[in-house]
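The values are calculated or read from the model by the stated rules, or taken from the named source; none is laboratory data. None of the values given here were measured: they were computed from a predicted structure. Cβ coordinates were reconstructed from backbone atoms using ideal geometry, including for glycine residues, and neighbour counts include every protein chain displayed. SASA here: full protein model, heavy atoms, side chains in, ligands and nucleic acids out. Shrake-Rupley method; radii C 1.70, N 1.55, O 1.52, S 1.80 Å.
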Amino acid sequence: MEIRRATTVAELMAAEHLYDGPARPEWAARFLAAPGHLMLIAYVDGTPAGMVSGVEMLHPDKGTEMCLYELSVDEPYRRRGIGRALTGALAAEARGRGCYGMWVGVDTDNAPALATYRSAGAADDGEFAMLTWEFGDEVGRSY
């Protein structure tokens with residue numbers, strides 16, 4: 001397995017099967033151009049087998065922390081340590097960027113995700129609720 005930072009739209013589009021839905025080239029280009037956004041892709045025999053995306057978050061009284069935005073490992077490659085390796089690689093990238101820490105939101109009933117993050121050194125920080133606003137399918141997505 002090899003983990004590399006995605007730097008081209010083509011790399012992001014080739015990993016589309018790892019996302020929740022279809023990717024769009026214009027969104028991929030905007031992602032790559034956005035400061036503090038990154039995606040690491042794990043390759044097995046040249047095939048994208050997993051990915052992790054992160055977003056630097058900056059606040060005037062805290063400094064910069066990394067949000068692990070999304071982690072995905074393709075079904076045939078699960079339970080091989082790829083998720084843990086991707087999480088560790090993102091943590092290393094965050095440290096290298098001067099982030100004071102990293103966090104991820106996880107559903108409390110998502111045992112595989114919890115196990116992956118704990119095995120990569122994360123500690124529980126208590127329960128949390130995530131509230132969302134929905135603005136429609138295309139609002140804010142026409143970049």
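Please report the Cα spread of the stretch 4-58 along all three principal axes, rounded to whole Å, starting with the longest.
36, 20, 19
Check every DSSP H run in the chain and write down those whose alpha carbon atoms cover 15 angstrom or more along the long axis and whose mean Kyte-Doolittle hydropathy is -0.5 or greater.
82-96
What FRET efficiency do you get for Ser119 and Tyr69 if R0 is 25 Å and r is their Cβ-Cβ distance, rounded to the nearest 0.05?
E(calc), rounded to 0.05, equals 0.85.
How big is D for the stretch 64-143, in µm² s⁻¹ as a whole number, if Stokes-Einstein is applied with the Kirkwood radius of its Cα pairs at 37 °C and 0.692 mPa s?
Approximately 226 µm²/s, per Stokes-Einstein.
Percentage of Cα-Cα pair distances in the stretch 44-102 greater than 18 Å, rounded to whole percent?
Cα-Cα pairs in the stretch 44-102 separated by more than 18 Å: 39 percent.
For the stretch 1-104, which whole percent of the accessible surface, found with a 1.4 angstrom probe, sits on carbon and sulfur atoms?
Of all accessible area on the stretch 1-104, carbon and sulfur atoms account for 52 percent.
How large is the translational diffusion coefficient of the chain in µm² per second when you combine the Kirkwood radius over alpha carbon pairs with Stokes-Einstein at 4 °C and 1.567 mPa s?
80 µm²/s
Can you show me the helix-derived [θ] at 222 nm for the chain, built from DSSP H runs with n ≥ 4 at -39,500 (n - 2.57) apiece and divided by the number of residues, rounded to the nearest 500.
-8000 deg cm²/dmol
For Trp103, project a label point 7 Å along Cα to C-beta. Then give me every residue of the stretch 62-77 with its amide nitrogen under 14 Å of that point.
Residues 62-69 fall inside that zone.
Counting pairs of alpha carbon atoms under 8 Å apart in space and at least six apart in sequence, what relative contact order in percent does the chain give?
This gives 19 percent for the chain.
Quick check: pseudo-label points 7 Å beyond the Cα along Cα→Cβ at His37 and Thr132, how many nm apart are they?
1.8 nm
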